[in-house]
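Just below is one structure, and these are the notes that go with it.
The values are calculated or read from the model by the stated rules, or taken from the named source; none is laboratory data. All values reported here derive from a predicted model rather than from experimental measurement. A quick note on method: Cβ atoms are made from the backbone with ideal geometry, for glycine too, and the neighbour counts reach across all protein chains shown. The accessibility values were calculated without ligands, DNA or RNA, using every heavy atom of the protein model including side chains. Shrake-Rupley method; radii C 1.70, N 1.55, O 1.52, S 1.80 Å.
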Amino acid sequence: MEKGDGPALQPLLCLAWLAATLPILAAALPIPAAAGGRLLHSLLSAFSSRGKTVRPSSSSSSSSSKAKFTVPQKYFLHFYVVGVAVTTSLLLAICFYAYMKMTPLLPEPSSYSTIASHLIGSNSFSFGSVLSRTMEHKYRVWRTVFVLLLMEIQVLRRLYETENVFHYSPSARMHIVGYLTGLFYYTAAPLSLASSCLPEAIDFIRGQIVEFIVKGRARMPDLVIDSPSLLKPLLKLGWCQWIGAIVFIWGSLHQIRCHAILGSLRENKDSDEYVIPCGDWFSRVSCPHYLAELVIYLGMLIASGGSDISVWFLFIFVITNLSFAAVQTHRWYLQKFEDYPRSRYAIIPFVL
């Protein structure tokens, strides 16, 4: 696939993130009730509600009405199953493409002399420009592999936590719109991280499949995976990738702690009782697991180099979506507990 064909995926993803983000931003703005502001906020609050913020009322008629458009909160597991499936597929596809077409990342010293011997008397500036573009392209592909590895770690960990850390109450529900949004998110997020080179990777794999069909297995070269050749390009990436990885690990460690705190609050899995969580970032904000999620995706954004517009749109959606949900949760805590610490913010200390 030609390079010019690749960006077609990115505008579609950007439009999808924009369509998902704008209603949340609109609901957060002080739009007058006469202009539909209150209705929009109520709808978004209902769609995003889950767990403690969407519990059915004691009235049987009201309870059945609320439960009609909800699913069990334990269906969160589906998000991470989808996330693992999509991320793993993309990671394998782009890693295969990078290994087969983008290795080595840096030309061997002997390659320079060989190329130069064929270009004596030619325009050396043009040669340098072509070489620079080639190197930039290789870095972009291996950078995508690196970021997808971070995403793979994230979704695998969340899958484990959903099964082994969280104990969802039998009555905990979430709105069907929120459920569908989660499925969309864990499909579109890995696609956004891979969008800069996914079309060319798919085209390469398609060509390999066609060649296999035409030539047959006996006439195809054996695929030999050389571990050093696979790891070297990742180790030679730039400082942005390693700073992004450090930020990612920092956010992940705090999210692990916060999830462990939340998971330990309900010793009895069948109980609906809630207590005020304390420890780690809970001393500062009501939703530190959301704050940690922002840090995690900030790390991915830094590791991506910040050059892919679809990753920026993904990050903006993460900020708006989690901020809106955190404000709802913060209000619930304040209404539920008279002794709730008033010094806590919703998600970002001293800001929100």
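Tell me which of these Ala85 doesn't satisfy, since it passes every other one: (1) at pLDDT 75 or above; (2) crowded, with 17+ Cβ neighbours inside 10 Å.
Result: Ala85 passes all but (2).
Out of Cys95, Cys14, report the one residue that is in a helix (DSSP H, G or I), within 18 Å of Thr320 (Cβ to Cβ) and modelled with pLDDT of 90 or more. Talk me through it step by step, then tell me what you get.
Numbers: Cys95 fails: within 18 Å of Thr320 (Cβ to Cβ).
Being in a helix (DSSP H, G or I), within 18 Å of Thr320 (Cβ to Cβ) and modelled with pLDDT of 90 or more holds for just one of Cys95, Cys14, which is Cys14.
With the requirement that a residue be without any contact (Cβ under 8 Å) to a residue 24 or more places away in the chain and of a type in the set (Gly, Ala, Ser), what does the stretch 168-216 give you?
Gly207, Gly216
In this structure, is Glu338 closer than 28 Å to Leu43 by Cα and open to solvent by 40 Å² or more (accessible area, probe 1.4 Å)? Spell out how you get there, then give the answer.
Values: closer than 28 Å to Leu43 by Cα: yes; open to solvent by 40 Å² or more (accessible area, probe 1.4 Å): yes.
Considered against the rule, which asks whether it is closer than 28 Å to Leu43 by Cα and open to solvent by 40 Å² or more (accessible area, probe 1.4 Å), Glu338 comes out as yes.
Quick check, is Ile347 surrounded by 18 or more Cβ atoms within 10 Å (Cβ to Cβ), outside any helix (DSSP H, G or I) and in contact with a Phe, Trp or Tyr (Cβ under 6 Å, 6 or more places away or on another chain)?
Working: surrounded by 18 or more Cβ atoms within 10 Å (Cβ to Cβ): yes; outside any helix (DSSP H, G or I): yes; in contact with a Phe, Trp or Tyr (Cβ under 6 Å, 6 or more places away or on another chain): yes.
When the stated conditions are applied, Ile347 passes them.
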